[in-house]
Amino acid sequence: MATLHFTYSTMNAGKSTALLQSNHGYKERGMNTMIFTSSKDDRYGDSEIVSRIGLRADAETFTESDNLFKIVKAHHAKQTLNCVLIDEAQFLTKNQVIELGQIVDQLKITVMAYGIRTDFQGELFDGSKYLLAWADRLKELRAVCHCGKKATMIVRVNDDGEILREGEQIDIGGNEKYLSLCRKHFYSGTIE
């Protein structure tokens, strides 16, 4: 039975690795997948998902104006799809999350979305908000704060390692720009 999954966490919890492992599992069984990633995250170039441990796969990119249901439906008409995988799902729009539900309900294709739950100010991303509300299955991957507790928050830091509390919600970066912290250290601003 097709279902809509949302796997979420902070940075450095292995979301892209988990996506690539799921994709491999489908492919190994002779099934067809379609992988998407956001055009906003171009750290590794266009149309590729790269995990921090070196796994990688080609992907379609999506923008905020793309209708994912129509794109998947057209691809599905040419080649039967068993699963659609979405990386950087926090960048989906509300309408795109609705479209993911349509892919599951109308096309009967499982959708597995992976993304960050909250931004550096502790606010939900739109894609994450609607996936948390509407997904059939939710899974949290665990990241660890420097103190050893579960990291549930993300902070943005400048070049001097100082925490930034204001700015645009989206500023693409990796370990040089973001740290995962527990709630206590998020609020206290302690990063070591």
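The residue that is nearest to His75 (Cα to Cα), counting only those in segment 4-44 that are surrounded by 19 or more Cβ atoms within 10 Å (Cβ to Cβ) and among the aromatic types (Phe, Trp, Tyr), is Phe36.
Within segment 53-67, is there a residue that is closer than 30 Å to Gly189 by Cβ, touching a residue at least 12 places away in the same chain (Cβ under 8 Å) and surrounded by fewer than 23 Cβ atoms within 10 Å (Cβ to Cβ)? Looking for residues that are closer than 30 Å to Gly189 by Cβ, touching a residue at least 12 places away in the same chain (Cβ under 8 Å) and surrounded by fewer than 23 Cβ atoms within 10 Å (Cβ to Cβ), one finds at least one in segment 53-67, hence yes.
Here segment 44-77 is the region considered, the condition is being charged (D, E, K, R) and in a loop (DSSP other than H, G, I, E, B), and the residue that is modelled with the highest pLDDT is Asp66. Taking (1) β-branched (Val, Ile, Thr); (2) assigned to a loop (DSSP other than H, G, I, E, B); (3) modelled with pLDDT under 90 in turn, Thr80 satisfies each apart from (3). Screening segment 176-192 for residues that are outside any loop (DSSP other than H, G, I, E, B) and in contact (Cβ under 8 Å) with a residue 24 or more places away in the chain and picking the one that is nearest to Ala13 (Cα to Cα) gives Ser180. In segment 127-165, of all residues being under 14 Å from the mean Cα position of the chain (by Cα) and buried (at least 18 other Cβ atoms within 10 Å of the Cβ), the one that is farthest from Leu92 (Cα to Cα) corresponds to Ala135.
Just one of Gln106, Gln90 is polar (S, T, N, Q), on the phi < 0 side of the Ramachandran plot, surrounded by 14 or more Cβ atoms within 10 Å (Cβ to Cβ) and part of a helix (DSSP H, G or I); which is it? It would help to see each step written out before you state the result.
Values: Gln106 fails: surrounded by 14 or more Cβ atoms within 10 Å (Cβ to Cβ).
Of the residues listed, the single one that is polar (S, T, N, Q), on the phi < 0 side of the Ramachandran plot, surrounded by 14 or more Cβ atoms within 10 Å (Cβ to Cβ) and part of a helix (DSSP H, G or I) is Gln90.
Cys83 meets each of the listed conditions (1) in contact with a helix residue (DSSP H, G or I) (Cβ under 7 Å, 6 or more places away or on another chain); (2) within 30 Å of Gly189 (Cβ to Cβ); (3) surrounded by 18 or more Cβ atoms within 10 Å (Cβ to Cβ) apart from (2).
Here Ile116 fulfils each of the conditions (1) in contact with a Leu (Cβ under 9 Å, 6 or more places away or on another chain); (2) among the hydrophobic types (A, V, I, L, M, F, W, C); (3) touching a residue at least 60 places away in the same chain (Cβ under 8 Å) apart from (1).
The values are calculated or read from the model by the stated rules, or taken from the named source; none is laboratory data. Keep in mind the model is a prediction, meaning the values are calculated, not measured. Note: ideal-geometry Cβ built from the backbone for every residue, glycine included; neighbour counts use all protein chains shown.
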